[in-house]
Structure formats: structure tokens, C-alpha cells
Amino acid sequence: MASIAKGKAREGSQDATMRQMEELNLRLLEEFKTEDATAQSRGYTVTSTLDLRTMPEDEASYSAAQVANIFTTQPQGGPHSENVECILHSPAAKRELIEYPNYPQPTPRSLTNPYILDEDSREDGDGESPPYEIAEVPSKGLGMLATRDIPQGAFIMSERPLMIGPQEHHLNAHNMVFSASATTRQRQRATLTEAEKTFRVAFARMDPENQALYMALHNAHRSDGSGPLMGVMRTNAYEVCHLDGRLYTGVFKDLSRINHSPNTTSYFDRASLSKLLFAARDIPAGTEITSQYCGLLQPRAARVQALKAYGFRCTCAACTKPLESDTNRLRISRMKDAVPAIVKWAGNPALPDDLLLRPALAMLELIEAEGLEGSPAHIRALYHVVLIMQVLAVAKAPDARLLVYALKWAVLSWCRMEVDREQQAKFKKERESVMAAAMVRAGLVPDGEGKGLGTVQGNTE
Ligand SMILES: C[S@@+](CC[C@H](N)C(=O)[O-])C[C@H]1O[C@@H](n2cnc3c(N)ncnc32)[C@H](O)[C@@H]1O
């Protein structure tokens, strides 16, 4: 009896929520109609009203009606403050989101990197307070500061977005017809203004506490036609995942306070719908925790262009000494997958022992000197060094540095383990072929396999 009563109460509260949503939608539709009537004074006409249906009950009629967006709060149930308001572009996107294996998992509160050997500094998993605070940072506004020493590879925090939506240029805006005289600038501004309506629908559905957190975020787009909600999205969104072929981005309460210039690495965990942040290098207590807003291997001019959207000029070492840094980063961006060369070299004892090690170490040092620890290039360079040293350990004598590099590689790869599952399987196969070739170099198996392996370039770039 009790469970039937509970079930009825739940249905009753779901009905009430649906009624509330419908009332909200009607109110928004009235507001939009009034605004649409004035669009002509801004150089365009709105030809259809935003569709505000929220649930794909009948998917066939959705595609037939060319529904612009689906609004949904995820995961269903759980504390409101942990809900993510989602703007999805198709029923298939919603299905992909909620049918992900093991979805929805709770947001991880602590994770222990098993490869960090120093017990004292493995306090990433103590479950007490997070190792950071949000505080003022000179000339950057708010930022994230380490409240205790965070070792390389340690988990810092994870967080669900307040809101996610298709990347800006993937947003289905209203159907708009521009007057012939409308300028490109007018068109751009109008498109941004119209896109705000989509955000207003999603925002109206949010928990009031989350609404306040969203509105408190920095907005660097106050005068380009973006409405306040779109402006916050454009200033603070991180890429989160792909759904039904489109890239989605999300805005976060704390992660969106992180300033640019990276000492972290992160990934979005689909099962818990949260982004996980890890230290890419040791971060001493009191220093800033940072992340990258743009591709760091591109030259400074391209980075400056990308950062314009955030309204600041980066003053990091690479941006202030671009000549040297641009050359270094170009070299790093050209680094090849050296595994085939390592296999050939290992299987051919006639080739010098130091043929690949020196250039591989030089590449690793260059990446670290550029401050790109934790990047895919860094992990790959570490991997090359470890493989080469492992071959030498089998064929000649172990190098004392092998353990250091192998641990560093394991510590940093672990931070990406969940996203790089396929990569892990590939690594396993590659290690097996490198070790088989190392046996040839060590003279433990006949040399035949070393022949015909082709020439090996004396570098790993
Ligand atoms: C995502 S928000 C980061 C948090 C922001 N500082 C705040 O107060 O909420 C992006 C904004 O932070 C500032 N910012 C981020 N990185 C910066 C940096 N390296 N130097 C100066 N300002 C930066 C810029 O104003 C930028 O538009």
C-alpha cells in the first residue's frame, strides 16, 4: 500500500512539474511573440516561433516538425543542484546522452591515482575538503587557487555543468529573414540575439540556486549582440562531448572560474555527466590552478586570435617570447608516432644503441620546457622514452632514469585512462612488439626478425 501511495505521490508531483513547465513555456512564447514583432526595426523578420516541447514522446513527429531543440534536465531525479540543464538538437542526441553505459553515475568526489608513490601527497582522495578555493587573482578576476600542494597526476575535482548546449555555431536559431540592406554585422548580432531565446527557455527551467550561479559567471560578450545568457556561455563553456554528430559545450560553477595557462588536464566523463580535473604538474599550495582555452601547439598569433573571444591578452612566457616558443611548438606539433621506428631499431642490433634515445629525450625536455606537461604530446614523448629505455634494459643494462620516466608516464596516462580505453589496448600491442624486437637486440632470439625492418631515422620527431 505504502509503495502505491508513494507512486501516486510521485506521479502527482511529476504532473505538477509538467504543468509548471507548460505555464513557463506559454509565458516565454508570449514574450518571444512581442519581441518578434519588433525584429524588423533590427533589420530582420522572424518567420517561425521557437518550439518548446521538452520530451521526445513521439520521435517521428519531432523530425517531421523539424523541432529546433529539446530541453531536458539530466539526470532525472537526484539533488536539483546537481542537475544539468540540457539543450539538445535532436531526439537521437537525447537518446545518446541517457543511454550511455552505466548512466547516470554519481559525480566522483575523490579518486586516488594508484601510480603516485608518495603516500603523503596522495591526499587527493581524503574526501574532506577539495584542494582548491575560488578567489581573486590579480588582473584576472576570480580564479582557482590550490589550498594545499597537489602532486602531478592527482585528482583535483569533478563537477557537472550547470548547462550544456550545442557548440555556438551548431545552435538551431529561429528562422530569420533579413532585409536586403542588412549588413553582415547586423546579421551576426541578430543571430546571437535570436539564439538567446533558446538559452532563456533552458535557463527558466533551472534550479534558482543554479540560475544565480550561472548569472554570477564572467561575461566577456556584453556588446556584440549576445544576450546575457549566451554571453556567459561564450565566455565560460568547455567542450564536453559529441552527441548525434554535434559538439556540445558546458558551463560550470567552479571549473568556469579557471583562468587560462595550463597546469591541469581533464576529461568529460559521460557516465557521471561530469568533468574531471587532474594536476598535469606539481601545483604548490597558494598557486593558481589553470587550464587551456585554445590549442597550445598553434603559433602565438593564432592563440591571440582565439583568446580575443575572452577579452584578454595572455602574458605567459610562451606568449611574451613568441619567436623561440613558436619554433619549439612547431617542432612538437610535428612529432611523429615513433613506435614503428623503435620496433625497427630494437630488432636491428647493427644500429647504435643511442640512435633514438637522445632525440626522444630532447623532445621530452623541449615539451616540458614549454610547460606542456599532461598534453597528449607530452604523454606520447614520455611513452617513446620509456619504450626505448625498456629495450636497452633488456638488451644492455637498465638506465636508472627508466623508473622515473615510466612512473611519470603511468601517473599522467592514468588521468586519461577512461577516455583513452582504445589507446590502452593499442599501447599493450605496441609494447608486445617492441619487447619482441628487444629480444632480438639482446641476442635472445635469432637475428632474422631484425632483417628487412627498413631504415630508421635517427630521430623521433
Ligand atoms: C572562464 S572565465 C575565468 C574566470 C574569470 N576570471 C572570472 O572572474 O570569473 C574567462 C575570463 O577570465 C579572464 N582570464 C582568463 N584567463 C586569463 C589570463 N590568463 N589573463 C588575464 N585574464 C584572464 C578573462 O577576463 C576571461 O574572459
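Quick look at the values:
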read-out: Lys, Arg +1 and Asp, Glu -1 on Cβ, resulting dipole of region 226-350 about Cα centre, debye, nearest 20; value: 340
read-out: Cα centroid separation - region 406-434 against region 294-369, whole Å; value: 20
read-out: Peptides 227-233, 286-292 ordered by average Cβ neighbours within 10 Å, highest first; value: 227-233, 286-292
read-out: Sequence of His218, His242, His378 once ranked by neighbouring C-beta atoms within 10 Å, starting from the fewest; value: His242, His218, His378
read-out: Cβ-isolated cysteines (cut-off 4.7 Å), the chain; value: Cys86, Cys241, Cys294, Cys316, Cys415
read-out: Above-threshold pairs, the threshold being 25 Å between Cα atoms, out of Lys140/Lys308; Lys94/Lys429; Lys275/Lys336; value: Lys94/Lys429; Lys275/Lys336
read-out: Candidate lysines for bridging to Lys197, where Cα separation is under 16 Å - those fewer than 8 sequence places away on the same chain excluded; value: Lys33
read-out: Positive-end residue of Ile388, Leu355, Met335, charge dipole of region 335-450 with Cβ unit charges; value: Ile388
read-out: Virtual spin-label span in nm between Met18 and Gln40, 7 Å along Cα→Cβ; value: 4.0
read-out: Relative contact order, percent, the chain [alpha-carbon distance under 8 Å, six or more residues apart]; value: 15
read-out: Ranked list, fewest to most other Cβ atoms within 10 Å of each Cβ, for Val440, Val385, Val304; value: Val304, Val440, Val385
read-out: Förster radius 56 Å - calculated FRET efficiency between Ala442 and Ala135, Cβ distance, rounded to 0.05; value: 0.50
read-out: Region 248-350 shape via C-alpha gyration tensor axes, a/c threshold 1.5; value: oblate
read-out: Axial C-alpha extent at least 24 Å, average Kyte-Doolittle at least -0.5 - helices from the chain (DSSP); value: 376-395
read-out: Cα-based shape type of the chain, given that a ≥ b ≥ c are square roots of the gyration tensor eigenvalues and the cut on a/c is 1.5; value: prolate
read-out: Order of Arg431, Arg27, Arg234 - criterion: other Cβ atoms within 10 Å of each residue's Cβ, fewest first; value: Arg27, Arg431, Arg234
read-out: Peptide ranges 106-117, 82-93 listed from the most packed, as the mean C-beta count within 10 angstrom indicates; value: 82-93, 106-117
read-out: Trypsin sites (Lys or Arg not before Pro) restricted to region 147-228 and DSSP loop, no more than 12 other C-beta within 10 Å; value: Arg222
read-out: Percentage relative contact order, region 193-304, counting C-alpha pairs under 8 Å, at least six apart; value: 17
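A short reminder: the numbers here are calculations on the coordinates, not readings from a lab. Keep in mind that this is a model prediction, so the values were computed, not measured. Heads up, the Cβs are rebuilt from the backbone with ideal geometry, glycines too, and the neighbour counts pull from every protein chain shown.
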